Every structure is written in structure tokens, then in C-alpha cells.
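Sharing a structure, written as C-alpha cells. Questions coming.
Values in this text are rule-based calculations from the coordinates and carry no lab data. Quick caveat, the model's predicted, so the values are computed rather than measured. Here Cβ is always computed from backbone atoms with ideal geometry, including for glycine, and neighbour counts include all displayed protein chains.
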Amino acid sequence: MDRPVIGISMNYMQLGSYHQFHVRDKYVDAVYNNGALPLLIPCMTDRDCLRAYLNKVGALIIIGGMDYPPSLYGEEAHPLTEEAHQRRWEGDYALLETALELHKPVLGICAGMQLLNIYFGGKLIQHIREYDAHFGERSHEVRILGGRWLPQIFGRERIRVNSNHHQAVDPRFLGKGLRIVAQAEDGMVEALEYESPQMVLGIQWHPERIADPELSKPIFEFLNKLARQDIRF
């Protein structure tokens with residue numbers, strides 16, 4: 001099977017009577033349908049195990065999910081904050097750190113982008129005032145401001161994206177080495193990239209759930225290209 005391998009992080013929460021690892025089918029289908037082999041990586045902090053997983057992949061997607069604890073960036077929780085399970089956020093943090101150590105391309109989607117900002121020392125807006133405009137799969141325009149990766153992926157300055165989040169990167173408190181590379185018309189941070197040789201890109205929208213292939217395929221095809229340059233089964 002001549003497919004590049006892309007790692008996908010997983011969620012961890014109680015579903016019914018049991019705690020379970022899970023990931024929405026849209027992530028898996030988007031990776032597979034665009035030519036790669038998805039490899040699901042459970043939430044763990046064992047760095048040797050994470051290196052073993054990541055040594056099998058050419059790129060990594062950190063998926064969306066519930067809120068990261070505000071204590072990670074020195075704040076008290078907003079009343080509407082819904083914290084992810086400790087195993088999820090500790091595993092995500094360790095996974096991102098290990099991927100950076102191994103110089104793997106990383107795509108953070110929604111909460112995955114927010115994790116990038118937290119990891120590099122930034123902060124989040126815990127509940128955005130423009131909530132109604134950015135929740136419930138709302139469609140809106142995003143302006144690409146430059147950077148290294150998004151211009152290669154889309155080749156145009158404006159795209160339409162979906163939106164489903166109540167938290168956002170706080171532009172007043174960007175993590176060290178991060179740059180805002182896309183914004184919504186209301187100023188909402190829609191994409192970040194990190195100054196590094198490998199792609200470390202965060203996007204606030206969910207390309208795996210966009211029906212228009214002109215807006216969903218380019219991101220996954222580009223990630224596949226990077227992954228193919230690294231390793232494949």
C-alpha cells in the first residue's frame with residue numbers, strides 16, 4: 001500500500017458506562033479519502049511509546065475537542081469552560097512536544113490550534129463575545145495574511161470556512177515563535193504557524209467537515225505530500 005501515514009490524536013472521555021478513546025469518523029475519512037493511511041494515537045504520556053507511534057508517521061493531526069484547562073496559561077476557569085479529561089490534555093501536550101522533538105509536520109485543528117498557542121506560552125479567550133457567529137458550523141470568510149504554508153495550500157487570499165468554537169487564540173498573548181496567518185473579518189484568529197523548518201500549522205476551522213472539496217482537499221493533500229517525504233509503510 002503506497003500511502004503516506006498520518007497520525008491522528010484521539011479523545012478520551014466517559015461514554016455511557018465506560019471511559020473510551022474515540023475520534024470522529026470525519027477525521028479518519030478525510031485522511032483516508034485524500035490518499036493517506038490514518039494511524040490513531042491514543043492519549044498517553046509515555047514518551048517512548050509516543051516516539052514509537054510517531055516514528056511510523058510522516059505527519060500528525062491534533063484534533064478538536066473540549067477545552068484545555070485555563071490553569072495551563074495561568075487563568076481561572078470561565079463559568080462556560082468545559083475542560084477536557086486530564087488524560088486527554090496531558091496526552092495532547094506530550095504528543096505535541098514529542099512531534100516537535102522528532103520534527104514531524106503538525107496540523108492542529110480547532111482546539112489543536114489552541115493547544116499550539118498554549119504550548120508556546122500564549123493564552124486563549126475562554127469564551128468569545130462573537131460566539132453566535134462562530135458556533136454551529138457557521139460559514140464565514142477568512143483572509144490569509146501570508147506565512148509559509150497557507151499560501152502554498154490554497155493559492156488565494158480569501159477562503160470560506162466553517163466555524164464551531166467558543167474559545168479562541170487571544171491575539172494579545174501569542175505564543176513565542178507563532179505568527180497569525182489568517183483572520184476572520186471580525187478579527188478572530190483563524191490560523192497560526194510556528195517558525196520552524198517543518199510545518200507546524202494551526203487552523204481554527206474543521207476542514208474534515210467541509211463539504212466543498214476545493215476547501216477541504218487542499219489541506220489534506222498538502223499534508224499527505226509532506227508525510228510522503230518523511231515515511232510510509
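Using Stokes-Einstein with the Kirkwood hydrodynamic radius over Cα pairs, what translational diffusion coefficient do you get for the stretch 5-230 at 37 °C and a viscosity of 0.692 mPa s, in µm²/s rounded to a whole number?
Details: Rh = 17.4 Å.
In µm²/s, the coefficient is 189.
Just to be sure I understand: if I project the alpha-carbon convex hull of the stretch 22-108 onto a plane and average over all orientations, what area do I get in nm²? Each step should come with its number before you reach the end.
Numbers: hull surface 25.2 nm².
Here the figure is 6.3 nm², rounded to one decimal.
Moving on. What is the total of Lys pairs in the chain with C-alpha atoms under 17 Å apart, excluding same-chain pairs fewer than 8 positions apart?
Working: 26/217; 56/104; 56/225; 104/225; 123/176; 217/225.
Going through the chain pair by pair, I get 6.
If only Cα atoms are counted, what is the Rg of the stretch 1-72, and what is its Dmax, in Å?
13.5, 44
Hey, got the Cα dimensions of the stretch 143-215 along the principal axes, in Å, largest first?
34, 29, 20
Go ahead and collect, in residue order, the members of the stretch 46-66 whose backbone nitrogen is under 17 Å from a label point 7 Å along the Cα-Cβ direction of residue 80.
Label zone hits: 65-66.
Give the distance, in whole Å, between the Cα centre of the stretch 1-71 and the Cα centre of the stretch 73-117.
13 Å
Also: How much length, in nm to one decimal, is gained on full extension between residue 3 and residue 26, taken as 0.36 nm per residue of separation minus their Cα-Cα distance?
Details: separation 23, 0.36 × 23 = 8.28 nm, distance 1.85 nm.
Computed gain between residue 3 and residue 26 is 6.4 nm.
Using only the Cα atoms of the stretch 74-163, what semi-axes does the equivalent ellipsoid have when each is the square root of 5 times a gyration tensor eigenvalue? Give whole Å, largest first.
Computed over the stretch 74-163, the values are 24, 22, 11 Å.
Taking the Cα centre of the stretch 5-230 as origin, sum charge times position over the Cβ atoms of Lys and Arg (+1) and Asp and Glu (-1), and report the length of that vector in debye to the nearest 20.
Numbers: 23 positive and 29 negative charges, 118 e Å.
Value, rounded to 20: 560 debye.
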